[in-house]
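S.K.: Structure below; questions to follow.
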Amino acid sequence: MFKKSLPLIVSVLFCFCGGCAVNPISGEDQLMLLSEEQDLAIGRQYSREIEKEMGGAIPDTILQNYVNGVGQKVGAVSHRPDLEYQFTALEDKTVNAFALPGGYIFITRGMLECLETESQLAAIISHEIVHVVARHASEAMSREIGIDILFSLVVPEDTSKGILTTVDLTRQIIGLRYSRDDEREGDIAGMDYMVRAGYDPYGMIETMEMLERQEKVRGIEFLSTHPSPENRVSYLRDNIELRYPDTSLLRIGREDYSRNVLSRLR
């Protein structure tokens, strides 16, 4: 009897000790070992390390402003419009996108080259914003890396050993895996965000189909930390039919994406 009750007892204890938070998307309680202030501290520290690890930001102001503009538009209609979101396009050629706690979101050159429209870009960004809003990234980092290790490196060390440890930890952060429930929430709530921001939700399905095609040709990094697109397209189509029957007035943005991203990456 005691063993069956143990998970409930642990949850109650965490809530009394300040370890509970409410997911603003689902409204459900979640165990959270990091405060929002700690989220911001970790995001600030490791965002710089990630830029270094992945070749730095793409040195193109027009492209960066365009990606940031799409991101800010989506962030403004999310459940946390108060966060200071920062969107960075990285030089790395892998097909990837990921988020850090506190609102730091990255997308790689490799991913940008695979997309064709602004609505597809919005789909990727919306999914990552959900991971920030629902604090999936904080949960994953606490679970897979450990709070004590994370905070041992929030203040950079001068020793070569400390630098090597930071690099190793940065690679672990880039490779964080989320649960299937987190990913489904990222898809469904992300679609809602992109529609609220005025984007065609079929951009998310097109992106999933693109990732599936890419995976058949070569393994891609985004799918090493995300579930197979094949299993997600079905429930996304159902969601569009149920919630967004008329998408005729929503933005696709093929020409703008080509002009502001694709033509500048060549």
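Each reported figure results from applying straightforward, stated rules to the coordinates on display, with no laboratory input. For clarity, every value in this text was computed on a predicted model and none was experimentally measured. Please note: Cβ atoms are built from the backbone with ideal geometry, for glycine as well, and neighbour counts cover all protein chains shown.
S.K.: Starting at the first residue of the stretch 38-46, write each ³J(HN,Hα) from the Karplus equation 6.51 cos²θ - 1.76 cosθ + 1.60 with θ = phi - 60°, in whole Hz, x for Gly and Pro.
M.R.: Coupling constants for the stretch 38-46: 5, 3, 5, 5, 5, x, 4, 5, 7 Hz.
S.K.: Hey, another quick one. List, in order, the whole-Hz ³J(HN,Hα) value for each residue of the stretch 209-214 obtained from phi through the Karplus relation with A = 6.51, B = -1.76, C = 1.60 and θ = phi - 60°; use x for Gly and Pro.
M.R.: 5, 5, 5, 5, 5, 4
S.K.: While we're looking at this one, here's another question. Would you mind ranking Met208, Met194, Met111 by Cβ crowding within 10 Å, fewest neighbours first?
M.R.: Working: Met208 22, Met194 30, Met111 27.
So the residues, fewest neighbours to most, are Met208, Met111, Met194.
S.K.: Using modelled amide H (1.01 Å from N, peptide plane; none on Pro or chain starts), what sits under 5 Å from the amide H of Asp92, excluding residues fewer than 5 places away?
M.R.: Those qualifying (amide H under 5 Å, at least 5 residues apart or on another chain) are Arg109.
S.K.: In whole Hz and in residue order, list the ³J(HN,Hα) couplings for the stretch 100-115 that follow from phi through the Karplus curve 6.51 cos²θ - 1.76 cosθ + 1.60, θ = phi - 60°; x for Gly and Pro.
M.R.: Residue by residue, the stretch 100-115 yields 10, x, x, x, 8, 10, 10, 9, 8, 3, x, 5, 4, 5, 8, 7 Hz.
S.K.: Stretch Asp256-Glu84 to full length: gain in nm at 0.36 nm per residue minus the Cα-Cα span? Walk me through the numbers on the way to the answer.
M.R.: Working: separation 172, 0.36 × 172 = 61.92 nm, distance 2.50 nm.
The span from Asp256 to Glu84 would gain 59.4 nm if fully extended.
S.K.: Using modelled amide H (1.01 Å from N, peptide plane; none on Pro or chain starts), what sits under 5 Å from the amide H of Tyr104, excluding residues fewer than 5 places away?
M.R.: Gln86
S.K.: Per-residue counts of other Cβ atoms within 10 Å, averaged by peptide: what ranking do you get for 60-68, 239-247, highest first? Numbers along the way, then the final one.
M.R.: Details: 60-68: 16.1, 239-247: 12.0.
The most tightly packed comes first, giving 60-68, 239-247.
S.K.: May I pose another question? If the chain between Arg264 and Arg44 were fully stretched, how many nm would it gain, using 0.36 nm times the residue separation less the Cα-Cα distance?
M.R.: Numbers: separation 220, 0.36 × 220 = 79.20 nm, distance 2.81 nm.
Stretched out fully, the Arg264 to Arg44 stretch lengthens by 76.4 nm.
S.K.: Ser35 versus Arg196, label points 7 Å from Cα toward the beta carbon: distance in nm?
M.R.: Taking the two extended label points, one gets 2.7 nm.
S.K.: Given 4 °C and 1.567 mPa s, compute D for the stretch 54-106 with the Stokes-Einstein relation, Rh being the Kirkwood radius over Cα pairs; round to the nearest whole µm²/s. Show your work: numbers first, answer last.
M.R.: Working: Rh = 11.7 Å.
The estimated diffusion coefficient comes to 111 µm²/s.
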